[in-house]
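Novice: Sending over a structure as structure tokens; questions will come in a sec.
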Amino acid sequence: MVVKNRQPNGSGSRAGSAPIPEVRFHAPSSAPAGVEVLTLATLRAGACAGSLAVSHRPDFHHLLVLDSGVLPLMVDFASYRLLPGEWLWVRPGQVHRWDELYGAEGVLVLFEAGFPDPATSAAARLDDPFGPTVRRPAEADGVAARRALDHLDHEFRSLRDGGPLPPETHLAVLRHLLAALLLRFTPLDEPQGGCDSPDTYLRFRAAVERDFARTRRVEDYARELGYAPRTLSRATLAASGVGAKEFIDRRVVLEAQRLLAHSDHSASRIAGLLGFRDAANFGKFFQQRTGTSPLAFRGAARGGAAG
């Protein structure tokens, strides 16, 4: 079972106003790998009372398939209701809270970002901050993914129970089996659109992830990447459902939400980190796009962190 160490980012904060705690990955002593497979029942049995309903920020991936029941949860300040047959993917750094874990059953894979091999990480785009949170694969794809998960689960239990293979061989097998599972989801992430849309969108997305705190102007990205602004907007709309400007603004809002929830930085400091002239300019931007002020959002997020 993963041991959850809750480590606040700040100190001296009042109860209910502390930053959302971070959670580190700790492999079970019986299976010292960068991956763990467990059921939701096992997760519930090993958790401290009330701890699962607290917002936290894991530094590892969660990949879950729900077998029965309904699972309400929050990921990066958005609410979801996972249904049987659906898969949940929570990535490192995302805010995560189980709203009601009882009555739902499924299998959960926890793994560190560095555990899969580099080729798998690139192909499955493990570092994509915009990867879908909830996925419902087609029936045949869902069956294939579940078979891969079952094989991974079997190998993990073999390592945990002291199977016949040397530990380093078990780890190699686990890495390959995890790759087989993760790569099942790669086609679901492929952008749609014209012949040059996928490459255009992926380059734009990478540039936004690198420079969103430096500029929010579509024209700056278009100049840097060698496209017309309209080309970026068409490709982004085809791939993500929103235009280029909205895509940039959403990434800035998400980072602002994370900073408000996870740090004790003032609004002025966050404004500076995100490239705004001052706190007033940042506050107006945030209010227009979220319907609430930065301080009101921080209070609501910290209230969830406090349970």
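We did not get these values from a lab; they are worked out from the coordinates using the rules stated. Since the structure is predicted, the reported quantities are computational estimates derived from the model, not experimental observations. Cβ sites come from the backbone with ideal geometry, for glycine too, and all protein chains shown count toward neighbours.
Novice: Normalised by the empirical 2.2 N^0.38 Å for globular proteins, what value does the Cα Rg of region 96-170 take?
Specialist: Details: Rg = 15.2 Å, N = 75, 2.2 N^0.38 = 11.3 Å.
Compactness ratio reported: 1.34.
Novice: A further question on this structure: Counting only DSSP beta bridges with both residues in the chain, tell me the antiparallel percent, nearest 5.
Specialist: So the antiparallel bridges amount to about 95 percent of the total.
Novice: Right, another one. Can you tell me how region 252-307 classifies by the Cα gyration tensor, rounded, prolate or oblate, using a/c under 1.5 as the rounded cut?
Specialist: Values: a/c = 2.12, a/b = 1.51, b/c = 1.41.
Here region 252-307 falls in the prolate category.
Novice: Ok, one more. What is the helix-to-structure angle for 197-211, meaning the angle in degrees between its Cα long axis and the longest Cα principal axis of the chain, kept from 0 to 90 and rounded to the nearest 10?
Specialist: Between helix and principal axis, roughly 80 degrees.
Novice: Considering amide H positions built from the backbone, and no H for Pro or chain starts, which residues 5 or more places from PHE25, or on another chain, come under 5 Å of its amide H?
Specialist: Close amide H contacts, sequence-distant or interchain: ASP59.
Novice: Follow-up question, since we're still on this one. Run the helix sum for the chain: -39,500 (n - 2.57) per DSSP H stretch of 4+ residues, divided by residue count, reported at 222 nm to the nearest 500 deg cm²/dmol.
Specialist: Numbers: 12 runs with 141 residues, N = 307.
Calculated from helices alone, the mean residue ellipticity at 222 nm is -14000 deg cm²/dmol.
Novice: Let me ask something else. Relative to the longest principal axis of the C-alpha atoms of the chain, give the angle of the C-alpha long axis of helix 229-240, reported between 0 and 90° and rounded to the nearest 10°.
Specialist: It is inclined by approximately 30 degrees.
Novice: Based on alpha-carbon positions alone, could you give the equivalent ellipsoid semi-axes of region 6-189 from the gyration tensor, as √(5λ), descending, whole Å?
Specialist: Numbers: eigenvalues 133, 79, 57 Å².
After scaling each eigenvalue by five and taking roots: 26, 20, 17 Å.
Novice: Give me the angle, in degrees from 0 to 90, between the Cα long axis of helix 167-183 and the longest principal axis of the Cα atoms of the chain, rounded to the nearest 10.
Specialist: It is inclined by approximately 50 degrees.
Novice: Could you compute the net charge surrounding MET74? Neighbours are other residues with a C-beta less than 13 Å from the C-beta of MET74; K and R count +1, D and E count -1. Please report the intermediate quantities before stating the final value.
Specialist: Details: positive: ARG57, ARG81, ARG97; negative: ASP76, ASP99, GLU100.
Taking every other residue near MET74 into account, the sum is 0.
Novice: Which label marks the calculated value of Cα Rg over 2.2 N^0.38 Å, given the options (i) 0.97; (ii) 0.92; (iii) 1.06?
Specialist: Here the calculated entry is (iii).
Novice: Tell me the relative contact order for the chain as a rounded percent, counting alpha carbon contacts under 8 Å between residues six or more apart. It would help to have the intermediate numbers written out before the result.
Specialist: Values: 492 pairs, mean separation 56.2, N = 307.
After rounding, I find 18 percent.
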